[in-house]
1. Taking K and R as +1 and D and E as -1, what net charge do the other residues with C-beta under 9 Å from the C-beta of Val310 add up to?
2. Could you run the Karplus curve 6.51 cos²θ - 1.76 cosθ + 1.60 with θ = phi - 60° over the range 136-146 and give me ³J(HN,Hα) per residue in whole Hz, x for Gly and Pro?
3. Using packing as a proxy for protection, rank 242-249, 165-172 so that the peptide with the highest average count of other Cβ atoms within 10 Å comes first.
4. Each residue of the range 153-160 in turn: what ³J(HN,Hα) in whole Hz from Karplus with 6.51, -1.76, 1.60 and θ = phi - 60°, glycine and Pro shown as x?
5. Please rank Thr282, Thr116, fewest neighbouring Cβ atoms within 10 Å first, as an exposure proxy.
6. Of the peptides 47-56, 308-317, 77-86, how do they stack up when ordered by the mean number of other Cβ atoms within 10 Å, highest first?
7. Roughly what would the spin-label model give for Glu35 and Asp324, points 7 Å off Cα along C-beta, in nm?
Amino acid sequence: MAEDDLFSRLFELFNQPGPVNWKLAGEVARHMAGESQAIDPWAAEQIVELGGLAQASLDNEAPFPVPVLAVSVLDPREWVNQALESFGYAAEAIAEATVNTVPGMGAALAGMQVGTLVGGIASGTAASFEAGLPMEGSPRLLIVGPGVERLQQNIGVDVREVRLGVVASEIAHSALFRVPWLTEHLSRLLGAYAVHLVPDPEKLMEVWGGDPASLAERLSDPEALEKLVGGDEGTNHRLAVEAFLAITSGYRRFLVARSLPNMLPSLERLHSPAPAEAPLLTIPVADPGLTSRGARFCEEIEKGYGREAVDSIWAGPERLPSDDELEDATGWAARVLLDDLSTDY
């Protein structure tokens, strides 16, 4: 490729209109997803059938509506194509937070972040529930077929149980984030944290390296792209996002276990060994440790105060546990449940 053509392509890639560089996001995500893969039609059919069982079981137990959505089993590349813009709330929160602190780079930073997030889910996991972040406005449940089979091979559990666990977890995840205020609250938390995702100019020059011929290759490598992000990590804001992900992902697992008792004995292991994040990604995701923290909190609240107390978390953002309260169920109950009692009288 001629040097002028390389510069033209890079200029086009980075100089996209709008608050989010969706072209860059797509390039990053599709690069991570790789080439198209064949889907086992029998496996896909069984996942869809198990989705019906999971939907009915969850609808009987959830304190919020569980919509009936079609289940699609896709290869990673097609998953990216259909899922990418469903994470627009995260990209827009990053773009809005960084537009003033990173003049001219906010759209690209948002695109790289959401592209890395979506590409990481597609290439390393079975569905979006593993990252803990919702797909806003998606009319279907999207399952990564090869990710389900890889998960089954990695954890060595009966394939039917894994398929049921994945589709049930994605249904519960999707239904939870249809609670009206929940995704908006997450967007605010991400926006507050994203202010700290400021590219370091010196690291930007390091990625550039002074060699135009190798720049395109460097920018397709997430490990090199990590160099673009520097500065203050915003520890307190990150902890707030992680506490949110802990309670939402933990409750999701708690609800699935409650809805399908004895059918998913290996539910706690249902998380891909490969993380849903890549080196560039600085958006927190729901790793197994966060999910376990949230699930333990839900179990402690149910044991001490009953099922209705756990379900009441979704009545409003003021009822979400803080990072400290996740380790202090009694403290959360004193703050939230005592307020309920005082309101009743």
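No lab work stands behind these numbers, since they all come straight from the coordinates. Computed from a predicted structure; not experimentally measured. Glycine gets a Cβ as well: all are built from the backbone with ideal geometry, and neighbour counts include every protein chain shown.
1. -3
2. These are the phi-based 3J(HN,Hα) values: 6, x, 6, x, 9, 8, 10, 10, 8, x, x Hz.
3. Output ranking for 242-249, 165-172: 165-172, 242-249.
4. Values per residue, Gly and Pro as x: 5, 6, 9, x, 9, 3, 4, 5 Hz.
5. Thr282, Thr116
6. Descending mean neighbour count gives 77-86, 47-56, 308-317.
7. Here the modelled spin labels are 5.5 nm apart.
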